[in-house]
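As structure tokens, the structure follows; a few thoughts come after it.
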Amino acid sequence: MDLCFRTAREMARMLRRREISARELVQAHLDRIDAVNPQVNAVVTLVPERALAEADAADARLLAGEPLGPLHGIPMAHKDTHATAGIRTTSGSPLLADFVPGADELVIERIRAAGAITIGKTNVPEFAAGSHTFNPVFGATYNPYDLARSAGGSSGGAAAALACGMHPLADGSDMGGSLRNPASFNNVVGLRPAPGRVPTYPSVLAWSTMAVQGPMARTVGDAALLLSVMAGPDPRCPIGIDVPGSLFDVPLERDLTGLRVAWTPDLGGRVPVDDEVTAALEPQVRVFSDLGAQVEEAFPDLRGADEVFRTLRAWQFAAAFGPLLERHRDTLKDTLVANTEEGLALTGPDLARAETLHGVLFGRMREFFTRFDVLLLPVSQVVPFEVGIEFPKEVAGVAQPSYLDWMASAYLISATGHPAISVPAGFTPGGLPVGMQMVGGHRGELELLKVAEAFERATRCGERRPPGV
């Protein structure tokens with residue numbers, strides 16, 4: 001178990017020094033999955049024979065002196081919405097329960113080219129819709145810090161598996177918080193990069209900037225390592241940022257003296273936040289002052305962000321699921337049907353207004369980040385909730401009409417297009433994890449990772465492991 005909780009960077013060094021073989025490392029993680037996964041249901045498809053064969057091939061490459069990728073021999077399970085060649089990819093839907101893709105999608109292609117070994121797939125909500133991981137194919141994923149609670153979503157299986165030592169790195173995706181919310185719920189790190197930083201292919205809406213893919217890990221340094229593999233332009237993605245991923249394969253040490261930090265517990269009253277979340281985060285804000293930063297309570301003007309997110313999200317749902325709705329309405333969950341119908345009802349003026357507001361919002365954020373270097377706020381407005389409910393119906397006494405409302409602290413940031421990271425930041429008195437959301441400047445992932453790493457090193461909250469799993 002000690003081996004399984006080492007960082008990916010440590011595992012990579014051990015492999016290259018031949019202190020451990022890829023087969024031994026993969027087998028250790030398969031044993032960990034056997035021991036723990038029945039309790040949390042995070043890894044839903046396992047390919048042990050294939051993984052061990054890939055490990056043997058990796059060991060042979062090392063012995064032969066062949067070039068090795070940065071993830072050589074590192075075991076990973078992939079999000080079950082990401083297409084993996086020859087491995088079942090269900091998206092949590094009965095419609096795809098037996099679907100086996102013929103090719104890897106781009107993000108998996110890059111991870112495997114870097115030497116990672118695929119051990120299986122991680123659980124998701126149906127078609128990744130919502131931030132609570134349950135579906136009719138595999139059931140729910142349980143929070144390892146409290147098995148009666150949600151692991152979040154949509155990358156909930158990935159986050160729970162990381163927390164339990166089932167793999168050291170995870171790929172995920174994020175439209176309204178799907179990398180950040182589960183990271184917060186499971187005491188791990190989840191980075192939503194700027195749109196185009198991690199190119200996506202194939203994509204229904206190739207020019208859309210609302211949904212992104214990104215890394216999850218137990219440490220900020222490991223998240224940067226995975227980002228260095230995932231990032232970089234690709235001719236198949238029209239919005240890909242023309243900067244190589246190697247930008248992120250650098251030391252992250254940074255002196256925070258003089259860093260201009262804005263902290264907002266609730267975006268100026270725009271979002272309700274449970275007292276347990278605020279109580280966990282407020283003491284950690286002082287860590288920035290202790291590290292020499294200048295901290296001020298402030299927040300950007302996010303007027304219009306809610307309309308931008310909901311309109312463009314509905315449009316993307318219409319494009320992705322409209323054809324399914326015609327043929328399989330009774331098979332899709334109600335919330336997915338409702339969001340798709342919203343998208344199908346949109347008019348040209350609706351989209352024009354959303355895109356106009358989107359541009360205005362970007363301008364306001366640009367101005368805000370001339371005065372501050374980083375924005376701090378809660379990742380999630382609630383602590384992990386009971387696994388048996390679809391979503392929190394109330395936050396701090398305020399009713400939440402839909403399964404999106406309680407995620408506003410994350411999805412409003414999505415609408416800005418700015419990179420955001422969830423970093424472990426403390427626990428409630430009952431032992432439930434709470435993450436700090438840090439938002440950086442436009443395409444400022446590297447600086448954001450450096451700030452997050454300094455906070456992580458000072459607080460060490462991410463070192464607290466789940467009890468009894």
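The set of residues from the range 164-198 being in a loop (DSSP other than H, G, I, E, B), buried (at least 24 other Cβ atoms within 10 Å of the Cβ) and not hydrophobic (A, V, I, L, M, F, W, C) comprises G165, H167, P168, G176, G177, S178, N187, P193, R197.
Just one of (1) open to solvent by less than 30 Å² (accessible area, probe 1.4 Å); (2) over 16 Å from the mean Cα position of the chain (by Cα); (3) within 26 Å of S402 (Cβ to Cβ) fails for P101. It is (3). Residue under question is E54, and the condition is that it be closer than 19 Å to R218 by Cα and either in a helix (DSSP H, G or I) or of a type in the set (D, E) (or both); does it hold? So E54 fails the test. Does any residue of the range 426-442 turn out to be of a type outside the set (S, T, N, Q), in contact with an Asp or Glu (Cβ under 7 Å, 6 or more places away or on another chain) and part of a strand (DSSP E or B)? No: zero hits. Scanning the range 1-55 for residues that are touching a residue at least 60 places away in the same chain (Cβ under 8 Å) and open to solvent by 60 Å² or more (accessible area, probe 1.4 Å) yields M1, R6, R9, Q39, L46, R50.
For beta carbons closer than 7 Å, sequence separation of 6+ or different chains, a first residue in the range 383-402 that is free of Cβ contacts under 8 Å to residues at least 40 places away in the same chain and a second that is loosely packed, with under 11 Cβ neighbours inside 10 Å, the qualifying pairs are K393/A399. Taking the criterion of being touching a residue at least 24 places away in the same chain (Cβ under 8 Å), of a type in the set (G, A, S) and in contact with a strand residue (DSSP E or B) (Cβ under 9 Å, 6 or more places away or on another chain), the residues of the range 432-469 that qualify are G435, G440, G441, G444, A452, G462.
Could you tell me whether any residue of the range 125-132 is of a type outside the set (F, W, Y), part of a helix (DSSP H, G or I) and either more than 14 Å from the chain's Cα centre (by Cα) or at pLDDT below 95 (or both)?
Here is the first cut: in the range 125-132, the ones of a type outside the set (F, W, Y) are 125-126, 128-132.
Subsequent filtering for residues that are part of a helix (DSSP H, G or I) retains 126, 128.
Next cut, either more than 14 Å from the chain's Cα centre (by Cα) or at pLDDT below 95 (or both) only: 126.
Yes.
Among the conditions (1) over 19 Å from A410 (Cβ atoms); (2) open to solvent by 20 Å² or more (accessible area, probe 1.4 Å); (3) outside any helix (DSSP H, G or I); (4) not polar (S, T, N, Q), R149 misses just one, which is (1).
In the range 332-348, how many are among the hydroxyl-bearing types (S, T, Y) and either open to solvent by 50 Å² or more (accessible area, probe 1.4 Å) or touching a Cys at 6+ places or on another chain (Cβ under 8 Å) (or both)? The total comes to 1. Within the range 391-412, restricting attention to residues that are out of contact with any strand residue (DSSP E or B) (no Cβ under 8 Å at 6 or more places or on another chain) and part of a loop (DSSP other than H, G, I, E, B), the residue that is nearest to V285 (Cα to Cα) is A396. Of the residues in the range 214-233, at least one is in a helix (DSSP H, G or I), on the phi < 0 side of the Ramachandran plot and acidic (D, E).
Residues of the range 311-369 being over 27 Å from L267 (Cβ atoms), outside any helix (DSSP H, G or I) and touching a helix residue (DSSP H, G or I) at 6+ places or on another chain (Cβ under 9 Å), which ones? So that I can check it myself, show each step before the final result.
At the first step, the residues of the range 311-369 found to be over 27 Å from L267 (Cβ atoms) are 318-334, 336-337, 340-341, 344-345, 347-349.
With outside any helix (DSSP H, G or I) added as a condition, the list becomes 332-333, 345, 347.
Those that are over 27 Å from L267 (Cβ atoms), outside any helix (DSSP H, G or I) and touching a helix residue (DSSP H, G or I) at 6+ places or on another chain (Cβ under 9 Å): L332, K333, A345.
Starting from residues that are of a type in the set (D, E) and in contact with a helix residue (DSSP H, G or I) (Cβ under 7 Å, 6 or more places away or on another chain), keep the ones in the range 99-151 and report whichever is farthest from M76 (Cα to Cα).
E126
Name the residue, out of A305, A345, A262, that is in contact with a Leu (Cβ under 7 Å, 6 or more places away or on another chain) and more than 22 Å from E453 (Cα to Cα). Let's see the steps before the verdict.
On the way: A345 fails: in contact with a Leu (Cβ under 7 Å, 6 or more places away or on another chain); A262 fails: more than 22 Å from E453 (Cα to Cα).
Among A305, A345, A262, only A305 is in contact with a Leu (Cβ under 7 Å, 6 or more places away or on another chain) and more than 22 Å from E453 (Cα to Cα).
Looking at the range 70-98, which of the residues that are of a type in the set (A, V, I, L, M) and open to solvent by less than 20 Å² (accessible area, probe 1.4 Å) is nearest to L332 (Cα to Cα)? Reasoning before the result, please.
Here is the first cut: in the range 70-98, the residues of a type in the set (A, V, I, L, M) are 71, 74, 76-77, 83, 85, 87, 95-97.
Still in the list and also open to solvent by less than 20 Å² (accessible area, probe 1.4 Å): 71, 74, 76-77, 87.
On the way: L71: 37, I74: 36, M76: 29, A77: 26, I87: 23 Å.
Applying the filter and picking the extreme gives I87.
If you go through the range 207-235 and pick out every residue that is over 15 Å from S173 (Cβ atoms), out of contact with any helix residue (DSSP H, G or I) (no Cβ under 7 Å at 6 or more places or on another chain) and of a type in the set (A, V, I, L, M, F, W, C), you end up with 1.
For the range 443-469, filtered to residues that are part of a helix (DSSP H, G or I) and of a type in the set (A, V, I, L, M), the residue that is surrounded by the fewest Cβ atoms within 10 Å (Cβ to Cβ) is A458. For the range 267-280, the criterion of being exposed (fewer than 15 other Cβ atoms within 10 Å of the Cβ), over 26 Å from M407 (Cβ atoms) and not small (G, A, S) is met by no residue. From I413, I421, which residue is closer than 15 Å to M216 by Cα and either in contact with a Phe, Trp or Tyr (Cβ under 7 Å, 6 or more places away or on another chain) or modelled with pLDDT of 95 or more (or both)? Result of the check over I413, I421: I421.
The values are calculated or read from the model by the stated rules, or taken from the named source; none is laboratory data. Nothing here was measured: the structure is a model prediction, and the numbers come from that model. Please note: Cβ atoms are built from the backbone with ideal geometry, for glycine as well, and neighbour counts cover all protein chains shown. SASA here: full protein model, heavy atoms, side chains in, ligands and nucleic acids out. Shrake-Rupley method; radii C 1.70, N 1.55, O 1.52, S 1.80 Å.
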